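The next block holds one structure in the form of structure tokens; read it before the comments.
The values are calculated or read from the model by the stated rules, or taken from the named source; none is laboratory data. Please read all numbers here as calculations on a predicted model, not as lab measurements. No Cβ is skipped: glycine too gets one built from the backbone with ideal geometry, and neighbour counts run over all protein chains shown.
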């Protein structure tokens, strides 16, 4: 995969990672599932990192804006959850407005502690 295949993601993020950094993040993930259209363009991606034994953390779910609402995100998550099926804990943190989406996939809201240091995200600038 090339960085230019990952352009257009992270819509609405206050600081968007560059396609180069997004690709590096995916390459560092233990699990990645892609949605690719008929023109070999990546239109959706979900990724997780894991200790390989008990725990996994879903770090990314991104679908290009023109393809959102068509079931791609749901399908990507279902495929990822099947891959992670044997882990004791599969965790994910998300913005409040997408909690219902993840609830439909049987992820439940709980208590999570987070530190977001947006100033450290390299950007395309």
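For segment 90-120, what are the residues that are surrounded by 10 or more Cβ atoms within 10 Å (Cβ to Cβ), over 20 Å from residue 34 (Cα atoms) and touching a strand residue (DSSP E or B) at 6+ places or on another chain (Cβ under 8 Å)?
The answer is 107, and nothing else.
Please count how many residues of segment 65-110 are in a loop (DSSP other than H, G, I, E, B), within 12 Å of the chain's Cα centre (by Cα) and closer than 16 Å to residue 45 by Cβ.
Final tally of qualifying residues: 2.
Confirm whether residue 38 is modelled with pLDDT of 95 or more and out of contact with any helix residue (DSSP H, G or I) (no Cβ under 7 Å at 6 or more places or on another chain).
no
With the requirement that a residue be outside any helix (DSSP H, G or I) and in contact with a strand residue (DSSP E or B) (Cβ under 7 Å, 6 or more places away or on another chain), what does segment 2-39 give you? Full working, then the answer.
Here is the first cut: in segment 2-39, the ones outside any helix (DSSP H, G or I) are 2, 7-18, 28-39.
Within segment 2-39, 9, 10, 29, 30, 31, 32, 33, 34, 35, 36, 37 meet the criteria.
Taking segment 16-39 only, how many residues are surrounded by 14 or more Cβ atoms within 10 Å (Cβ to Cβ) and more than 27 Å from residue 52 (Cβ to Cβ)?
Of the residues in that region, 3 qualify.
Somewhere in segment 66-76, is a residue in contact with a strand residue (DSSP E or B) (Cβ under 9 Å, 6 or more places away or on another chain), crowded, with 17+ Cβ neighbours inside 10 Å and farther than 20 Å from residue 16 by Cα?
Taking every residue of segment 66-76 in turn, at least one turns out to be in contact with a strand residue (DSSP E or B) (Cβ under 9 Å, 6 or more places away or on another chain), crowded, with 17+ Cβ neighbours inside 10 Å and farther than 20 Å from residue 16 by Cα.
Going through segment 75-105 one residue at a time, which ones are touching a residue at least 24 places away in the same chain (Cβ under 8 Å) and farther than 15 Å from residue 59 by Cβ?
75, 78, 79, 88, 101, 104, 105
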